[in-house]
Every structure is written in C-alpha cells, then in structure tokens.
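**Q** Shown below is the structure under consideration.
Just so it is clear, none of the values below were taken in a lab; they were calculated from the coordinates. This is a predicted model, so every value here is computed, not measured. Because the Cβ atoms are built from the backbone with ideal geometry, glycine has one as well, and the counts that use them run over all protein chains shown.
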Amino acid sequence: MLRNTLIAASHAASATSVTSSRFCGYIVSRTSSSSSSSANGGSPSRSSRLPRSNRAHSRSKVITHNIFRQAGVDVAAADRVREASVAEGRQPEPGEQGWKRSAIGWKARRGDMRRRPRPKSGVPDEQRRGYATEARSAGEMAPRRNPGEIRPGDLVQYPSVEGYVYGLALPSHPDPHLFRTRQFFAISSHGSISLLSQSAVVLHLPGLLPCQGEEGEKATIRAEEVALLLEEATGLTPSDEIAAACEKIVGLDSRRARARMASRLRRVVKEVEDELEDLRRRLAHLMASTRLLEKDEVTVDEVATALHGSSSVPTSVLIATHNLLHSMPRYFVHLLPAKAYKMAQSYAVRPQRERDNVDTVAAWRLASDSPIDTFVLAVKEGKASPPWSEDHQTILAFLLNSLSSGSEGQEDIYAPVVDDVLKRCDRLVTADPAPVGTGGGASWIGVEYSRERRHAAVIALLEDIGAFQRGETDWSLASARSRRWLEAYGRPVDEVKVKETPTADRDADLRRAVHSPVYVIDDATAHELDDGISMERMAEGDDVWVHIHIADPTSHLTPESYPAQEARKRGSTLYLSNGSAIPMFPPHSTRGIDEADEQGIRRAVTFSARISLQGKGEVLETKIGLSDLRGEVRKITYDAVDAGECGEGKEDLETLRQVAGLLSDARERSGALSINQIESRLAGSTAAGATAPVLITDESAKSNAALQSSPQLLIGTNSAASPSRSLVAEHMILAGRIAADFLWRQQGGLAALYRSQTFPREVGEEWKEALRRHKGGVGRGDVLKMGVAMPSAVSRSTPEEHVTMGISSSPSSTGTDKLEGSGYLRVTSPLRRYEDVLAHWQIKAALRREAGETVGPAFSLEELDKDVPELARRSETVQSISRGSEDWQRYRALRLAFESNSDEDGDIQPSSEREGWLPVTPTSLRKPLKAYVLDGSLQLDGLALQCTTKVALPGLGGRMRGECIWPVDAAIQGGRGAGGLGRPTMGQEVDVEIVGVRENIDRGGLVAVRPVQRPAAA
C-alpha cells in the first residue's frame, strides 16, 4: 500500500518539479523518452518497452506528434524516405525526404515522392545539406554572451530518462516565475515543448536558429500558455486537459512555425548520427598518430577542427565530437562544473598511468587468487596497514583515483570494481534514489548507486586501514576537478624562465611621483598586497582627491612573457582552506604594492577621483595615471582600523571613511542592494592541518592524534558590515568605475571584461522595487522568501548595469556625477586575477595614445570575445576548487559538532546587531532552524520510502546545502497535508531540525533536516 502511495507521490513530485530544475510541458507531459530515442538514433520507445512505472511516459510520444499533424506534416513518411535514402549510401535532399515547399513551410506528403533536381554543380555539400550543417568557425561553439545565458534559437542538450535530448530554446512571454527559477522553454526534434532549468543543460550551442522577426513572433510561447503550463506543474490538472486548452490558444500559424523549428532540429540530429561513425574512425586514428593523449585537456573545438581538417567546422561535426568525447571516459574525463563546461566545452585527458592502473586492477578482479583477494582478506582481518606491498599500493592508488572519476553525467569506469571491493570488504554502498524528474520531469520509482555514497565509503575504508591520515586530509582535493588542476598547475614553475624575464619598467616615462602616505589595509595573513589608498585635500573648499593605488605587474610583463602565460593558464590565485595558496603568477615574478624594485621605485597604477565632502557622493572629476609611490606605505589590519589604532593616519582614514559613506549612500540611491547574511569560518587547527591526500607508506609516519584540537565552526554576520572593510570595498568599486569610464570613453570604446548584473527588462523593475522596499539592506532569508533568484554577475565586452552595486549603464539627466552610466570593470587585484591584468594592458595602451603615441589597443573586441569562454572557465574552476576546499572543512566541523555528545550550549542564529563570532555547539544544533525551499522540486527515495526537497539554511552561514525530508501525504495531496505542509513551493519558510550531516568531495557536503512544525506563510 505504501509503495503505491509513493508511486502516486512520484507522479505528483514530477509535476511539481517543473517549478525548479526539471521540465514538463503540455506536449511533453512527464518525459521525453521519444526525443531521447531520436537523439540516439533509434525510433521512439513504445509503451511495451517501458518499465511499468514509465508507462505513463508513452503518452508523450502520441502528444509529441500533434504539433506536426496540426501543421500538416507527416513525420513518419519523411523519416521512412530518409532512412531508405541513407541505406542506399547517399545523402537525401529535401525533395527526397518527402518534403515540399508550401506557403506554410516544409510539408510532408504521402504517395508523392517525386525526386527534385539536385542543386547546380559546384554548390558546396554544406549548403546542399541545408541549415543544420552550416559551418561555424572553431571557437564559435562557446557562447559570446553571458556564460550560460540561453537565448531563443540556441541549441541545448539535456539529460532524459533514456539518454541525452536535443532541443531549441523558444522565445516566450516574460514571466516572473521563469525568471525566478531560471527556466526556459525548448522544443525537441519530435515537437515536444519542455520547460527546462538552465542548470540542467549539458551542452549549449548559441545561435543555431535565429528566432527573430515574424517567424520568432509566431513561435513565441504566449502568456496564456505560460500560465497553463505552470498550472500543469501543480499536478492538479491532467496534462491532456492542459494540452487541449493550449491548442485552443495557439493558432495554426504558431504551430506551423514551431513545427518548422523542430523539423530543422531533426535534421541536425540526423546529420550528427551520420557523422558519428566516420568521426569515430578518424578520432581513433588521431589518438594513435598524434600526441592528443599526452595533453592535460582538450576542447571540443580543437578536436573537431583536427577531425574535420578545417577551422570552419559544421555544426553537426561539433556536436558529434562532443558526443564522442563524452562516450569515451577511459580517455576523456568530463570533470568541470556544468557552467564552466558550457563556457568552453573541454575534457581532461586521463593519464596513461591511470589507464594502466584501471586495466591492472580490473584484470585482477576477474582472476582467482589475485592481489585483490589478499587485500580484502587483510582488511577483514584487520591486518591491512603500512608498509604496503607493491600490489596493495596499486589497489590503493586505484581506490584513490576512483574519487576523481568525473561528473555524474559520464560513465564511471571505476564503479564495477570499486563496488565489488567494497562489498567483499563488508562495506556495502548504500543507495540514493534516482531523482524524480531528473532530465525531464520523469516520474519513476528507481534506485541507482550514488557516486557520492560510493566516494564516502572509499574514503572511510582508506582512513580506517591507515592509508591516509584521518582528519588531516582535505578530501575535496581528491575530486576530479581539483586533482587535475593541481597536477597541471600546482607543479613548480621554470625558475630559469622567471629569472630571464626582463624586470625593467617599460612605463617609466609615464610615471609621476606620489609623496602622500599610502594606506594598505588588509588581513594580517594576506598573501598578496595589491592595493592601497591615499588622499589629498584641496587648498580651498571641501573637495578631496582620493587615490586608489594598484600594484603594477604589467610594468615589466607583456602578454607573451613566461610569467604572464603561466598566469593566464591559472586564471586566478587558488586559496585553500589550510591557509596555503597557489599564486597566479610564478613566485618572485611580480611585486606587491609595498615592494620596491631595484631602483627603489614602488610601481602602481593609480585611479583618482575628486569628491566634495559636503556633496552627496557625486564624483566631480577623475583621472588615471602611473605612479611611483615615494611616500610612506603604511600597512594596517582591518581590526586596527576598526579599533582606531591608526597612528598618524587616523585623520586621513577618518576622511576616507567619510568618503566611503558618501559613495555608499550614492549607490544606494541608485538601487544598490546589501544582502545581510550569516557567514561561517573555522577556528582551531583544522585549517592549518588539512592537506591533499598523501599515502602513508610507513607505520612510523602515522599519527594517532589527527589534530591537536577539534575543529570548530564559528558563525557571525557578514564581515562586509565592518567599517574598515566597507571603506576598502567602496574605494575598490570606485576604482573599477573610473577604469570602465576611462576605457569606454575612448574613441570607439575599448574592449574589456566589463562586469554586469542585469535583470530581464520586463521583470527587472518588479524585483528591484521589491528589494528596494527593504531600503538597501535585506536579509538572506527575506530574499529567499520573496523567491528572488539573484542573477549572477558576468563579464561583457560592453558596459551594462550592475544591479546589486547600483551602477547604471546610462547617464542620468542631471549629469552631476561624472561616473553615471560608466559601468564597472575589475582592476584592483592584478596579482591574483588575470582579468584585471588584461584591463591594465588595455588602460596603458589608451594612456600612451593620450600621450600622443601611435598605438592601437592591447586587444580587439574580436580577440576578447574569443578568449572570454576560456578565461571564464579557468576562473570558475579555481573558484570551485577553493570553495570546495572551504566547504569540505565546514561540513566536517559541522558534522563533528552534531555527532558530539557534549552538552555545551550556544546560539547559532546571531542577529545583525550582535557583534563577534559565535561557536556552533552540539546543543545549538539540536534547536529548530529556519529553512527556505529553494526550487520546490521533490526527489523520491525508493529505499527509505520518503520524499525530499532542497532547502537553504542561512542560519548556518555561507553556502550550506540542505535536504529536507518532506511528508509523502503532503506531496500527494497538493493542498495542505500533514503538519500544514503542502507541496514545497519556492521561498516557503519551514522550521526544521537537523537529522544528519555528511561531507561530499564535489559539493562540500549536505545537511539533512526535517520539518518540526507548520511553516509560516510563504
């Protein structure tokens, strides 16, 4: 009975999931099994081929073809002719496919298969085969827009129950719900319309089919349709009724326009299938005859270009190459975050030593009396300990390598052997549910072994037998993403090339001396001091000049120099939770703002602004120059500034604090938002002790005391509220605005990576007004309750508004502030962020042109557009590794506190008025917490017989992820079920209690919670 109840719940959950990261639609209903079949070259699956729990999905195939039938298209007839032509070994033409040109577009016909004349000789095959194979230059596969931004006409690939499905993004009426949940509509090759989350997209190819003009208008999902589709998401109205209602709204012209889009997509899918086998043979030859497998990583573009033999690569070849690389996990590892992959489509190359290790251990598994048998016996008898035999070291290396097996979207080549070893060691891997709705709102009862649980079991085994130090190992650095990066860029640099790099100042002729004291405010443990601030008062009036001085590594480095090339590869400095860092530039190749060169000159790029202390924060005048800091450079910590312990600089710093307040007030009037949230940090020796996994080979190297003291998690309000940090932050923002204004006002506007954060125009004002009602200061919980999905800041080649900073991209009518409409550019961290280095080179080119030299820009818009995806991918990868390292330690500290038997009391919900950091204690973790539903999706646990939904736990600080157990009856009933809970809705506030905490090497960890009482009104 309970099992039947859960099946019903899974169907309700799949419908609910449309409000989050899954998809559905009035044509697709709950899956895209037929679409996924076409993507893989097969015919749509029949009902009889589906498991019982999937029988409902077959309905989608019938409805799928409605859009073609209503548009007068016979899909089956066209497919039969095409397949027959392909069987004859020739490429069919449009006429041979059973299509004819009519007033409404391509139309299939039965019984009329007259051959149409071929195009005239000399017409390239790409043109003859039509739009789908239009050639694109290598590099165009990466978007030239916001990373991850999906627009109408873009091709997307997303997971479904039976594989990956291709779709075309459709234009739709702007709707606040779609904006909040970051979803969009797409049409598959079978005509099914789906609601997709941008995070579910695996492959993104922009601009495949333009959706502008009359054709795009006809294909647009109208407001009435959006409302109906979202109603279908509640599960209270049958999908067939929704489909019938939508058909009454959508006119014949719209259905035909969408049918034409789907038809073109079908041609893409078929041409990809046609390319696969030939490309597979070429790739095998390429791998055997070149050094492809000796690289650290490869991009889809470069492999496709090599296979095609030309830089102008057809779309079908690009997609087929992506499919080939993804299907070869033995050689190519899909390990990057989804967003980064969509930006640059790259794969890590699995080293030969790892492939050999897999082969060796896999062969042992099939042999009798093998080293695996002796290893398992030693583990079960408690005799597995260092020193290790050579065979056992091979097995331990295999288990360690299995933690870097890549993303869950790719086959895990380690799984069969690892599962067998764990089972034989009496360490059965517990199972996670196959997520309800994953890859398309599918509702099924299914169980799959979770990679996360497998990794946890492997880590526990390795620590239990003493192969790795318990508590001192940062296992997040064993993940695929972290390990590949550390292997590639954590190795020592070529010190000879660093010493050979010229250090003479190439910009000495443009520098001017600055004699004012410069205040460098930072943490006591800061690695790279790259900014300082000075000021000078005007002789008359209340105006002051503030100068933001930034370290100047480009004074001696060119883009072609060895240190600059190494910095480009890394993208930014990597900071780890143990306090160490891997710098972006090679050691001793650059200088901080406080370091002088051989001639005693402290080089800096200076951004200056004149501001009236009696004004309202308007910037009256700006300038940029190159400086020689000859005055005293005073290093002060944030805490010292807050405590007023500034020595002789107290008066200057008070004036700078006043300027920062004026600038902040001005930005707030322009709509700047300050989101107040709880943050967490580690105390004790945890951070100092955690290192990457290192095999213990000698018993004497093993320590019984993993840590000198237990790790402890502290929480407090976000440190940006500190006066000293606000002072520095406001001046750094000012420098970025000055730089953006300077470059964009140059003749023609110079290209740079301008930072922006925008709302869609149609819904932006609604959300900005909602946030402004909080007068600029809004709590994280308030944002979650409002259901506001804050857009990420991205880099663009032209200035645009930055919402949370209150920076506009168009001047106001008053014109009192010189920087109004300037945009924003990151320039203040050139020692640790390559994006800032690029801006410095461009600024210097402009300064030389202003000085009368005949020089062009450091790089063009076209060059920048080509580099953006790769630069963004590298930057995101480093940030992900750093966040993963920090999060692993935080979740570990939280788990140890939760599992502790201590009765130490405490409070884990500090208010914004309370000062200092509070410890997270075992007793405090047993108190109720506020949780906020993130997207409303439900997952069904087929083993535990329960549903869960994702929640945010802002009271625990930072990026803590939560999974809330949701009552099954509430998921089924839809209205208000047990405890007043209905189906979860985005932003819903729930009082919860913690039931468990676990770490995760890829995503930090997870906090399991359950409701304790009726939630407040959403």
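**Q** For Thr816 and Glu648, what is the calculated FRET efficiency with R₀ set at 45 Å and r taken between the beta-carbons, to the nearest 0.05?
**A** 0.85
**Q** Note down the nm distance, to one decimal, between modelled labels 7 Å out along Cα→Cβ at Glu411 and at Asp665.
**A** 6.6
**Q** Give the long-range amide H neighbours of Ser809: residues separated by 5 or more places, or on another chain, with amide H under 5 Å away, using H modelled in the peptide plane at 1.01 Å from N.
**A** The answer is Glu801.
**Q** Let's test the formula: R0 of 25 Å, r as the Cβ-Cβ distance of Arg470 and Gln879. What FRET efficiency results, to the nearest 0.05?
**A** For R0 = 25 Å, the calculated efficiency reads 0.30.
**Q** Could you work out how far apart the two model spin labels at Asp867 and Arg537 are, taking each label as a point 7 Å from the Cα in the direction of the beta carbon, and quote it in nm?
**A** Between Asp867 and Arg537, the label points sit 4.4 nm apart.
**Q** Within the range 636-671, which residues have the backbone N less than 11 Å from the label spot 7 Å out from Ala524 along Cα→beta-carbon, could you tell me?
**A** Under 11 Å, as judged by backbone N against the label point of Ala524, lie 637-640 of the range 636-671.
**Q** Between Arg424 and Gln658, what is the FRET efficiency for a Förster distance of 51 Å, r being their Cβ-Cβ separation, to the nearest 0.05?
**A** E between Arg424 and Gln658, to the nearest 0.05, is 0.15.
**Q** How far is the Cα center of the range 246-323 from the Cα center of the range 866-901, in Å?
**A** 33
**Q** Also, I was wondering about something else. Any idea how far apart Glu598 and Ala288 come out in nm if each label point goes 7 Å out from Cα toward Cβ?
**A** Those two pseudo-labels are separated by 5.5 nm.
**Q** When ranked by the protection proxy of mean other Cβ atoms within 10 Å per residue, highest first, what sequence do the peptides 835-843, 279-287, 994-1002 form?
**A** By packing density, highest mean first, the sequence is 835-843, 994-1002, 279-287.
**Q** Given H placed on each backbone N at 1.01 Å, which residues far from Ala384 in sequence or on other chains put an amide H within less than 5 Å of it?
**A** For Ala384, whose amide H was placed from the backbone, the distant partners under 5 Å are Val379.
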